[in-house]
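**Q** This is the structure, below, for whatever I ask next.
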Amino acid sequence: MKTIKSPANLYLYIISLLGIIAFFWNNTFQLDTSPEMVTLYAFIGAVLLLNHYTIPIPPKGNSTSMDSAIYMASVFLYGLNFTLDILIFVSIIYGLYERKVAIRKHFFNFSLYCLMMISSSQIFGLSGGVIGEIHIMNLAPYGLSLTTYFVVNMILIGVYFYLLGRENIRNVFTGMLRDKSFLVSYLTTLLLSIVFGILIYREALFGLFLFVGIAMLLSVAFNQHFKLYQETLDKANKDFLTGLNNHGYFKELLEKEVAMAKESDKPLMVVLLDLDDFKKYNDIYGHIAGDQLLQEFGLLLMAESEKQNYVVARYGGEEFSIMMPNTDRQIALSFMNELRKKANDTYFKGVESLPYGCLSFSAGIAECKKETYSISELLNQADQAMYAAKNQGKNLVQIFNEYSEYVIPHSLCLEKDLEEAEQQLKIFLSKDVYTYRHSKRVYQYAVDFSKMLNLSDHERKTLILGALIHDIGKIEIPRDILNKKGKLDPHEWEIMKKHVTWGKEIISTNKRLDDLIPLVELHHERFDGNGYPYGLKGKSIPKLARILCIIDSFDAMTTERPYQRTKSFKEAIEELRACSGKQFDPQFVEPFISMIKQQDENLLIEERLEVAAAK
């Protein structure tokens with residue numbers, strides 16, 4: 001019963017049933033003459049022969065063969081009934097020959113072809129196609145029919161691989177459409193059906209002989225090309241020592257998974273793990289033995305991860321990474337602890353010399369959230385949690401907690417970075433003193449507001465430093481636009497909006513400031529999705545950028561500049577409330593207003609008078 005309950009297997013049964021019903025609905029088994037029987041047998045033999053020369057196509061595990069060209073040519077020349085006769089005989093013979101293949105898969109394959117042939121035949125007839133001689137007047141019906149054959153195959157196969165759990169549904173179809181080898185092999189196969197139709201119509205069985213010979217050679221050539229392509233791809237994406245995915249390919253896959261997880265709201269966990277005391281092992285036994293240990297651990301890691309459809313990679317040195325789609329925190333923690341225990345209990349040569357007397361690792365787990373800015377942020381969080389596990393005595397697994405303090409080698413040093421940022425900011429003193437003073441005020445607001453919020457020390461430092469240099473990109477704005485007294489025209493406004501992108505480029509040159517990129521680049525995103533540069537919405541905007549948006553806007557509204565009307569604090573507060581849930585995250589609007597009121601005694605007095613008057 002477990003097999004039937006599997007979504008992929010249930011899908012097999014449904015398609016198989018539909019295909020069988022469609023077959024009997026559309027086939028009348030009418031073969032009256034000996035020439036028809038001879039042609040039928042010849043076609044059956046040709047299809048069986050070409051079935052031995054399959055061509056691999058994505059997604060992994062799928063393949064096609066040149067038999068599709070024969071089936072489609074048969075539809076064009078002899079009609080659907082004759083083609084279905086070929087299919088039933090081929091399926092019976094192939095099923096008896098390939099007994100090792102599960103019978104449900106034979107039925108699925110048969111039904112797949114049935115549905116593709118019937119669909120393409122119907123489109124051929126509806127588009128005005130005439131069965132018989134291959135003729136240029138039928139060119140449009142041929143194209144529509146072949147396209148239908150292709151689309152039905154792609155949908156039915158794509159859904160199966162999605163239900164099998166190997167790929168995300170989006171990855172399946174985009175992989176098919178973007179992969180040149182897939183499109184070329186399919187296009188070639190389907191166009192060959194027209195070539196085959198011409199050959200068989202002109203030269204009868206000799207044409208069949210010529211086509212099968214050419215098709216076999218093409219199939220072999222495609223296979224060799226695909227193998228060479230796959231080998232080259234593996235060399236580019238795999239780590240030579242362990243055979244696992246390499247660092248670069250892992251990050252490429254992670255980029256796609258993060259985007260899909262944020263879009264679908266499905267959980268995604270990322271793990272970084274580091275073998276404990278590996279340097280000591282190398283010092284005792286040498287690098288060759290160390291490489292052997294990495295290989296053996298890599299095999300263990302791969303075997304355990306593949307059971308859960310997790311993606312694993314060698315991240316560098318003795319560090320490894322795991323990507324866990326559709327996995328929550330507790331499942332990830334449980335899996336990693338079981339893996340850690342298995343590594344402890346598995347004997348590897350020489351590990352008795354290590355402090356724990358066994359192979360151990362420290363691991364950090366980070367969760368992708370809606371506001372996760374980039375994979376660098378996610379990997380940095382996993383890295384912090386991993387170092388926390390190291391600092392607690394090793395052989396531990398730690399989940400990243402934004403409210404915990406992690407002592408890591410590359411932590412943000414506020415004082416030194418503030419000094420560096422201040423030097424950069426002073427450029428504005430000669431170019432635009434208003435931007436300089438605005439940045440200093442926003443910085444002070446951030447210092448005060450961060451004390452009211454439930455932020456970790458790292459978040460507080462990041463917000464404060466980000467507030468100070470959030471407008472650093474305005475250095476690139478021409479002076480006449482930056483200091484224009486009146487309203488900016490559309491062209492000037494487009495240039496002004498680019499300051500967030502230019503600011504990102506400026507601070508990206510300093511790796512220690514990577515955590516500040518979201519604040520510099522995204523502080524003009526709006527909670528309702530109408531901001532810039534990307535139009536991010538809600539919690540897809542990082543939390544600190546949402547906070548900075550409020551602080552920055554409040555100061556901009558209340559800053560005195562010549563020829564521009566300045567809002568009072570009271571008017572600015574009313575504006576914040578009016579735009580709460582639109583421009584600003586309502587979670588932080590009232591706390592910020594509360595802080596402003598506490599800092600301004602006049603506002604508090606006015607508020608008390610209004611309350612008294614209301615009573």
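**Q** Counting only residues that are outside any loop (DSSP other than H, G, I, E, B) and modelled with pLDDT under 85, which one in the stretch 122-139 is surrounded by the most Cβ atoms within 10 Å (Cβ to Cβ)? Before the answer, list the steps.
**A** As a first pass, look at the stretch 122-139 and keep what is outside any loop (DSSP other than H, G, I, E, B): 122-126, 136-139.
Subset that is modelled with pLDDT under 85: 136-139.
On the way: I136: 6, M137: 10, N138: 21, L139: 12.
Residue satisfying both the conditions and the ranking: N138.
**Q** Of the numbered conditions (1) surrounded by fewer than 22 Cβ atoms within 10 Å (Cβ to Cβ); (2) in contact (Cβ under 8 Å) with a residue 60 or more places away in the chain; (3) closer than 23 Å to N380 by Cα, T509 satisfies every one except a single condition; which is it?
**A** Going through the list (1) surrounded by fewer than 22 Cβ atoms within 10 Å (Cβ to Cβ); (2) in contact (Cβ under 8 Å) with a residue 60 or more places away in the chain; (3) closer than 23 Å to N380 by Cα, T509 breaks only (2).
The rows are residues; the columns are (1) among the hydroxyl-bearing types (S, T, Y); (2) surrounded by fewer than 17 Cβ atoms within 10 Å (Cβ to Cβ); (3) at pLDDT below 95.
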site: K498; (1), (2), (3): no, yes, yes
site: L519; (1), (2), (3): no, no, yes
site: N530; (1), (2), (3): no, yes, yes
site: Y534; (1), (2), (3): yes, yes, yes
site: K537; (1), (2), (3): no, yes, yes
site: D555; (1), (2), (3): no, no, yes
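**Q** For the stretch 111-169, give me each residue that is free of Cβ contacts under 8 Å to residues at least 12 places away in the same chain and more than 23 Å from I200 (Cβ to Cβ).
**A** Hits for the stretch 111-169 are L126, V151, I155, Y162, I169.
**Q** Also, quick follow-up: Scanning the stretch 278-298 for residues that are free of Cβ contacts under 8 Å to residues at least 60 places away in the same chain and over 20 Å from N395 (Cβ atoms), which turns out surrounded by the most Cβ atoms within 10 Å (Cβ to Cβ)?
**A** Only one residue fits best here, namely Q292.
**Q** With respect to the numbered conditions (1) under 30 Å from G486 (Cβ atoms); (2) under 39 Å from the mean Cα position of the chain (by Cα), which one is the sole condition not fulfilled by K539?
**A** K539 satisfies all of (1) under 30 Å from G486 (Cβ atoms); (2) under 39 Å from the mean Cα position of the chain (by Cα) except (1).
**Q** Pairs needed: first member in the stretch 326-342, under 14 Å from F361 (Cα atoms); second member anywhere, among the charged types (D, E, K, R); C-beta distance under 6 Å; at least 6 residues apart or different chains.
**A** That search, which allows pairs on different chains as well, returns L339/E304.
**Q** Of the residues L333, L301, L275, L339, which is buried (at least 21 other Cβ atoms within 10 Å of the Cβ) and either under 30 Å from Y162 (Cβ atoms) or outside the structural domain of E371 (by TED's automatic domain parsing) (or both)?
**A** On the way: L333 fails: buried (at least 21 other Cβ atoms within 10 Å of the Cβ); L275 fails: either under 30 Å from Y162 (Cβ atoms) or outside the structural domain of E371 (by TED's automatic domain parsing) (or both); L339 fails: buried (at least 21 other Cβ atoms within 10 Å of the Cβ).
Exactly one of L333, L301, L275, L339 is buried (at least 21 other Cβ atoms within 10 Å of the Cβ) and either under 30 Å from Y162 (Cβ atoms) or outside the structural domain of E371 (by TED's automatic domain parsing) (or both), namely L301.
**Q** When you look at E367, is it of a type outside the set (F, W, Y), more than 24 Å from L164 (Cβ to Cβ) and buried (at least 18 other Cβ atoms within 10 Å of the Cβ), yes or no?
**A** On the way: of a type outside the set (F, W, Y): yes; more than 24 Å from L164 (Cβ to Cβ): yes; buried (at least 18 other Cβ atoms within 10 Å of the Cβ): yes.
Yes: the conditions hold for E367.
**Q** Taking P478 and the conditions (1) surrounded by 15 or more Cβ atoms within 10 Å (Cβ to Cβ); (2) over 31 Å from the mean Cα position of the chain (by Cα), which numbered condition does it fall short on, given that it satisfies the others?
**A** Every listed condition holds for P478 apart from (1).
**Q** Going by the conditions given, is L218 part of a helix (DSSP H, G or I) and exposed (fewer than 14 other Cβ atoms within 10 Å of the Cβ)? If you could, list the steps in order and put the result at the bottom.
**A** Numbers: part of a helix (DSSP H, G or I): yes; exposed (fewer than 14 other Cβ atoms within 10 Å of the Cβ): no.
Criteria not met by L218.
**Q** How many residues does the stretch 234-269 contain that are over 24 Å from E318 (Cα atoms) and part of a strand (DSSP E or B)?
**A** Adding up the residues that qualify gives 0.
The values are calculated or read from the model by the stated rules, or taken from the named source; none is laboratory data. Quick caveat: nothing in here was measured; it's all calculated off a predicted structure. Glycine gets a Cβ as well: all are built from the backbone with ideal geometry, and neighbour counts include every protein chain shown.
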